[in-house]
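Asker: Handing you a structure now.
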Amino acid sequence: MKSRLIVILGPTAVGKTGAAIALAKRLNTEIISGDSQLVYRGFDIGSAKPTPEELAAVPHHLVNILDGNEGYNVTDFCVAAREKIAELNAAGKIPILCGGTGLYVKALLEGYKFNETTGNEEYRESLEQEARAAQPENPRGYLLEKLQGLDPAVAEALANRDVRRIVRAIEVAAAGESISRERVSEAEDTAEAKDLVYDACVIGLIRERSLLYERVNLRVDIMLQEGLTEEVRRLLETGIDRSAQSMRAIGYRETAAYLAGEISQEKMADDIKKNTRHFAKRQLTWYRRMPYIHWVDPTGYSEETLNDELLRIFREHFEKIGD
């Protein structure tokens, strides 16, 4: 029998945190974070981490578990999330997975198989530096050409993917492995819903694009008012390196650049907003590869009526499979 799971996902700033906490209270259950940035201690404002009051209101897992110089990847997430889901199901609870890191959620639900090659951040950084030096105007194209020479099939499959995915594929290929065609096709498949690993009720929150972007811009303004610049300065002073994975996240890398005198304060704010909007767009593209999502637009709902609607979807899902 498959373990049961509720998933609340969606683009950044759509309102996932509040919806997940309200539903968890109604169901007397716990939340597992599916966000790659919430794992880091001290990275609070720029990650839009739930407040201490919100974290206390409902038990949260995979939040504040790592220091800023530590690495974290999809394999780490899946191992920890699977263990926690099994534990909560055994205790009679259906956990809520809440997050916006599409690869993490999709990999967990669909049971991705992972390569054995361990990530090497120094090697990845050297590849990116090599690409920027060799082809400043198109470093991504340089990396894709390099991958083409190592693994043409994967290079073709990743032609429209971001630099980090291409760099990871080069890293794997250089170690004598290959990112399997099964994994690549899984990520691209939009035709049919896969047989998911979990009995999962997957709810996606979505808003009209212009409204979502307004919320993104407002969120960034609030982050800056709440002290994002001071947060990043403090983190850097504790010895966290700018090249660390945690510091490359949107909001942190732009603020670090400002503190280093590389950009103005105005450009920092504009870049965070622009990069966050682009990130939201990429998230929506990723979610289109997950045809099993039940979409809900929270616009027009009150907090209570939205919670009622999510509860209705949850009950309908499990009734269909004979609850």
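Please treat every number below as a calculation from the coordinates, not as lab data. Small disclaimer: the values here were computed from a predicted structure and weren't measured. Cβ atoms come from the backbone with ideal geometry, glycine included; neighbour counts cover every protein chain shown.
Asker: Using a Gaussian network model on the chain with a 10 Å cutoff between Cα atoms, which of A22, A57, A280 fluctuates the most?
Answerer: A57
Asker: Another question about this same structure. Can you list the HN-Hα couplings for the stretch 31-36, worked out from phi with the Karplus curve (6.51, -1.76, 1.60; θ = phi - 60°), rounded to whole Hz and with x for Gly and Pro?
Answerer: For the stretch 31-36, the Karplus curve yields 10, 10, 6, x, 10, 6 Hz.
Asker: Under 10 Å, Cα contacts only: if you run a Gaussian network model on the chain, which one of N138, N275, N69 comes out with the highest mean-square fluctuation?
Answerer: N138
Asker: To the nearest 0.05, what FRET efficiency results for D270 and D199 with a Förster distance of 35 Å applied to their C-beta separation?
Answerer: Calculated transfer efficiency: 0.20.
Asker: How far is the Cα center of the stretch 125-164 from the Cα center of the stretch 206-223, in Å?
Answerer: Comparing the Cα centres of the stretch 125-164 and the stretch 206-223, I get a distance of 32 Å.
Asker: Also, quick follow-up: Is the shape of the chain best called rounded, prolate or oblate, per the rule: a/c under 1.5 gives rounded, else a/b larger than b/c gives prolate, else oblate, with a ≥ b ≥ c the square roots of the Cα gyration tensor eigenvalues?
Answerer: Oblate, since a/c reaches 1.5 and b/c is not below a/b.
Asker: For the stretch 29-106, rounded, prolate or oblate, judged on the Cα gyration tensor with a ≥ b ≥ c (square roots of eigenvalues), a/c < 1.5 rounded, else prolate if a/b > b/c?
Answerer: It is oblate, given that a/c is not under 1.5 and a/b is not larger than b/c.
Asker: If you don't mind, another one. Can you give the local net charge around E226? Use residues other than it whose beta-carbon is closer than 12 angstrom to its beta-carbon, Lys and Arg +1, Asp and Glu -1.
Answerer: Local charge sum for E226: -2.
Asker: Would you give the gap between the C-alpha center of the stretch 1-76 and the C-alpha center of the stretch 267-322, rounded to a whole Å?
Answerer: A separation of 15 Å, based on Cα centres.
Asker: Same structure, new question: Please give the FRET efficiency for E122 paired with T75, using the beta carbon to beta carbon distance and R0 = 30 Å, rounded to the nearest 0.05.
Answerer: That pair, E122 with T75, gives E of 0.95.
Asker: When a/c reaches 1.5 or more, the comparison of a/b and b/c decides; with that in mind, is the stretch 187-318 rounded, prolate or oblate per its Cα gyration tensor?
Answerer: Prolate is the answer for the stretch 187-318, as a/c is 1.5 or above and a/b outweighs b/c.
Asker: Output the pairs from K49/K106; K84/K273; K49/K84; K84/K146 with a Cα-Cα distance over 28 Å in this structure; if there are none, say none.
Answerer: K84/K273; K84/K146
Asker: Separate question: Extending each Cα 7 Å along its Cβ direction at S243 and R82, get the distance between those two points in nm, one decimal.
Answerer: Going by the 7 Å Cα→Cβ label model, 3.2 nm.
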